[in-house]
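The numbers here are math on the coordinates, done by the rules we state, and not lab data. Every value quoted in this text rests on a predicted model; they were computed, and no experiment measured them.
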Amino acid sequence: MKNIYTIGLLLIASTALFNGCGTGAPESFMRMTKQYWEVIEVKASVKYDDAWQRVIYIVTKKFELEMISKEDGYVRSAFGPSYFSEDMTNDKYQVRIVAKFTPDRKKVEYKIESRIWDGKIWLNGSDVRVAANMRKDFVNSLVEPVKKNPAGPTAPADSLQQQ
């Protein structure tokens, strides 16, 4: 029985360490070696120059810029403390954003990179709370609002039952 208890504690501790808990990172930190790009489709009525200005405005409200190229449609912030106030007290936790337009300028792709200093090396990951917050900002500024159907939701054609 004691061995099962010990194994259970080891599993909990290793899971917490893997996800970033125990390192001083916020709960929103997700440890990962590969970053995934989120994609936002820019509404057709927004021209590239306007979309570029909106993206830069959103990014600079929360991050310090490190690299910017309007011609390439690319912006990257510097690593810095999270803009969530409870994360800012931890100088060993840093976040940045990388955003780029697709070559046709119809989509913005972005990723949130975060890292936590464990005393020896930086552990890389992403911050799901920052990613969700940035997604909301981009969607509110760049995406066509969804029109509600006054008759209520409709079932997809492939889900209709044959009578």
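Can you pick out the pairs among LYS62/LYS120; LYS47/LYS136; LYS34/LYS70; LYS92/LYS136 whose Cα atoms lie more than 23 Å from each other?
The answer is LYS62/LYS120; LYS34/LYS70; LYS92/LYS136.
Separation of the range 93-131 and the range 55-79 by C-alpha centroid, Å?
Measuring centre to centre over Cα atoms gives 12 Å.
List the residues, sorted by chain then number, that are 5 or more residues from LYS107 or on another chain and whose placed amide H is less than 5 Å from its amide H.
It is VAL42, THR102, by chain and number.
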